[in-house]
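Throughout, read-outs are computed from the coordinates displayed, never taken from laboratory work. Everything quoted here is computed from the prediction, not taken from an experiment.
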Amino acid sequence: MTIHGKRGQQLKNRILLYPWFSADAQDHCPGSPHYITRKSGTSFAPVIYFIYSKRKFLEHMTDPNQFHYVHRAGRSKKRRGKNASGSISLSDLLRSTREGLVSSGWWDNYRAEVVPVIAQTRRLVLDRQHPDVEQTGPDIREVGLRSLCLGLGSPIKSAESRAQLCVLLDLCAELAITGTDRELFDPAFEEEDILALRGLGLGKGAHVIDTPTLVYMPHCGIGLYERFLRANWSGEGMNRIILVANDMAAYTERPMRILEAKTPCVARIAPRLRSLPFPTSSKFPGAFNNTALQVLDDKNGGHTWTLAGLPEYSDEDGEEGEVR
């Protein structure tokens, strides 16, 4: 998973830590030692995860020497308060968050309701890429998915963001999405971030999806959804996407005249999607409310996909649509 920080660039200092979950959770989440990428002298710490097999995980756990410390020297700064060894690591925060999801009963509900359906959806999306070729289990497993996460927020500062990150990692494990096939961007960037991200081919969330992808956009503003949909507004593009985001159908409860005028792609895609709502969490009520697994419905294949007649989108349009 590639993580681009506040200034739109990958941070360079890395520390390899132990997995954030307990050993008894391996059945739900395969072992995954992870890197915490940290800007020297600060507490800002986005995360890069590399999913390992259970066998590799057990080898690492039984041989502590397999874990090593990687650090690129930088200018040291004095810390106030707790030192680095005394502070709470992100791995501890994630472990605590996941324990909260488990103890509240939410995790079991999510695993029972969402995970089986998303596994079926994966096969559906991959089958759509080769409609003339009958593919069986072993063949389909050879075809990989990618993941793209937008709008997660800071897992350091927000418990809800950490809960969403726990689910993202679990979904990536279920869908066998690993390593560089995972990307994460924070759309809350400033002008200098916009310039840097444009250099990486990213412009305000307007990602073009050219391969089957899990798109994870928890509680983004409706403006970001509109830009993303416009960038992929075709039957081929939408057929590649497994979307975990705000339930698009909820937006149609607004006056349609206003929705069509400001965010026409959101208005037009809502009735074309097959949707499964996530269970709500009493422990983290703002993390998954109004969140749904969504995929293009085969029954709606007769619709035309054209941008002709769409009004020019303004950055000021639709930002009140953020759900937190």
For this session: Calculate one ³J(HN,Hα) per residue across the stretch 97-108 by plugging θ = phi - 60° into the Karplus curve 6.51 cos²θ - 1.76 cosθ + 1.60, and present them in order as whole Hz with x for glycine and proline.
Result: 5, 5, 4, x, 5, 5, 5, 7, x, 5, 4, 5
Exercise. For the stretch 144-158, what does the Karplus curve 6.51 cos²θ - 1.76 cosθ + 1.60, with θ = phi - 60°, yield as ³J(HN,Hα) per residue in whole Hz, taken in order and with x for Gly and Pro?
Worked result: x, 9, 10, 10, 10, 10, 10, x, 5, x, 9, x, 6, 8, 10
Exercise. What list of ³J(HN,Hα) couplings, whole Hz, do you get for the stretch 207-221 from phi and the Karplus terms 6.51, -1.76, 1.60, once you set θ to phi - 60° and write x for glycine and proline?
Worked result: 7, 8, 8, 10, 8, x, 9, 7, 9, 10, 10, x, 6, 7, x
Exercise. Amide H neighbours of SER147 under 5 Å, counting only residues 5+ apart in sequence or on other chains, H built in-plane at 1.01 Å?
Worked result: ARG182, GLU183, LEU214
Seminar exercise, completed: Length gained, SER154-GLN120, 0.36 nm per residue minus C-alpha separation, equals 9.2 nm
Exercise. What is the extension gain from ARG111 to MET256, computed as 0.36 nm multiplied by their sequence separation minus the C-alpha to C-alpha distance, in nm to one decimal?
Worked result: 48.7 nm
For this session: Please list, in chain and number order, the residues 5+ apart from HIS219 or on another chain whose amide H is under 5 Å from its amide H, with Hs placed from the backbone.
Result: ASN246
